[in-house]
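Have a look at the structure below, then the notes.
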Amino acid sequence: MLTFENQKLIYQIIMKKTVILFVFALAIVSCNKTTTETKEFKTAYIDTSKLMEESIEAKDIEAKYKEKSKVMGSQLEAEVNKFKSEAASFKDNAQKNGEAWAQQKGTELQKKEQQLNYAQQAMLQQLQQESGVEMDSLVKKYRKIIKDYGKEKGYEYIYGTGESASILYAKDSYDISKEIIKMINDKYKSTDKKEETSKAENK
């Protein structure tokens, strides 16, 4: 049965993997210099953990797979309940039906239990793989947005901070996380509204 703890573990793995990937993918977004003269670099950093936590699109992906895990989990739970009922019946009838019956039925129940365990593992793996593909795609998308933003605003470097980042200190004034989060969420909401309008017009 897909327990709440298993569901929680899926999302922790997904989000942790995504943040780590994003830190490495973002790394340093370097913009072309406009002059060879010595000058002060325009730099900034983004808290990548905060970015993924506050991204509406990332939250929507997480909610999507949370719901999918509930649906898939409920289907598996029906099989688990059926198995529990058979196991309870086996205990009641084992002595009554004799040793040979008990051995045969016990072997059948063991096989069913193994199959249920394999089914749960396969389901967890499927959810991790599918959500991982979507999150990886989101990281690539954000990387491009930040790169374009850096070029547009004239930054020499934009650093990524987070669990796996190597930046140990930076002034708060260099933190552009809020600005980037607002920009990506506004773009996502705008795209979402356009899709809803298009669907309504096609009805």
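Just so you know, all these numbers are worked out from the coordinates, no wet-lab data involved. Bear in mind that the values here come from a model prediction, so they are computed numbers and not experimental data. Using ideal geometry, Cβ is built from the backbone for each residue, glycine included, and neighbour counts are taken over all protein chains shown.
Remarks
- Those aspartates and glutamates that a straight Cα-Cα span of less than 14 Å connects to residue 178, excepting residues fewer than 8 apart in one chain: 47, 53, 54, 186
- Both the radius of gyration and Dmax for region 34-125 are 27.2, 94 Å, in that order, over alpha-carbon atoms.
- For region 88-179, with +1 on Lys and Arg beta carbons and -1 on Asp and Glu, the positive-most of 109, 174, 120 along the dipole: 109
- Shown here for region 95-180: trypsin sites (Lys or Arg not before Pro) in loop regions (DSSP other than H, G, I, E, B) with at most 12 other Cβ atoms within 10 Å, namely 171.
- 14 Å Cα-Cα reach of residue 144 towards aspartates and glutamates, excluding residues that sit fewer than 8 places from it in its own chain: 136, 152
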